[in-house]
1. How large is ³J(HN,Hα), in whole Hz, for each residue of the range 140-150 in order, when computed from phi with the Karplus curve 6.51 cos²θ - 1.76 cosθ + 1.60 and θ = phi - 60°, using x for Gly and Pro?
2. Sort 124, 174 from largest to smallest accessible area, using a 1.4 Å probe on the heavy atoms of the protein chains.
3. How large is ³J(HN,Hα), in whole Hz, for each residue of the range 84-94 in order, when computed from phi with the Karplus curve 6.51 cos²θ - 1.76 cosθ + 1.60 and θ = phi - 60°, using x for Gly and Pro?
4. When the Karplus curve 6.51 cos²θ - 1.76 cosθ + 1.60 is applied with θ = phi - 60°, which whole-Hz ³J(HN,Hα) does each residue of the range 63-70 get, with x for Gly and Pro?
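The values are calculated or read from the model by the stated rules, or taken from the named source; none is laboratory data. Worth saying up front: this structure is predicted, and the values here are computed from it rather than measured. Just so you know, the surface numbers come from the protein's heavy atoms only, side chains and all, with ligands and any DNA or RNA stripped out. Shrake-Rupley method; radii C 1.70, N 1.55, O 1.52, S 1.80 Å.
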Amino acid sequence: MNTIFRKSMLSVAGLAFAGGVFAGPIAAHAASPAVDGKPVAVAVQSAAPKPQGEQSHITLNDEQTANVKAIIAATKKAGLPERAAVISIATSLQESKLENLGHLGDKNDHDSLGLFQQRQSSGWGTPEQITDPAYSTTAFLKGLRQVDGWQDMALTDAAQTVQVSAYPDAYAQWEQQATDLVAQHWNS
């Protein structure tokens with residue numbers, strides 16, 4: 001009986017499909033005015049991409065937590081969504097572990113400073129500016145805004161396009177912790 005029922009359902013579905021194929025366009029053509037045939041854009045809300053690869057996590061101290069809050073505040077002030085804060089925090093986790101680093105001497109990559117390891121010689125600002133969490137975040141976000149489609153990119157691609165790091169895939173490992181930090185502090 002299962003087979004008979006399945007065949008009956010398939011026959012009904014086939015008739016409905018055939019009827020729609022043959023009658024649908026004809027009926028639609030007769031009943032509606034002519035259109036110019038241009039494609040219509042449909043907005044589809046997508047969820048943030050899932051974190052890529054193995055994830056890292058560190059325990060934050062009070063200074064690092066304050067820097068998370070500063071990044072979130074600068075993101076809100078810039079009128080950008082939570083995804084921008086996630087990308088910013090993940091980038092800072094990779095670049096400085098959310099520590100506002102000064103000059104590190106021989107350990108330093110040229111003149112890189114601050115939360116995002118931005119360089120004065122690359123036009124990010126003065127040492128005083130790029131070691132100010134609000135300024136450095138705003139500078140990073142300005143770069144992020146210039147990346148077409150950053151909202152839908154993998155985090156590591158968006159961050160790398162702004163930062164131009166020697167280790168372009170390293171940002172991905174911080175996405176889950178950055179997402180969790182934004183969820184925890186966005187509304188606080």
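1. Calculated HN-Hα couplings, in order: 4, 5, 4, x, 4, 4, 7, 8, 4, x, 4 Hz.
2. On the way: 124 55, 174 10 Å².
From most accessible down to least: 124, 174.
3. Values per residue, Gly and Pro as x: 5, 5, 4, 4, 5, 5, 4, 5, 5, 4, 6 Hz.
4. Karplus values, whole Hz, x for Gly and Pro: 5, 5, 5, 4, 5, 4, 5, 5.
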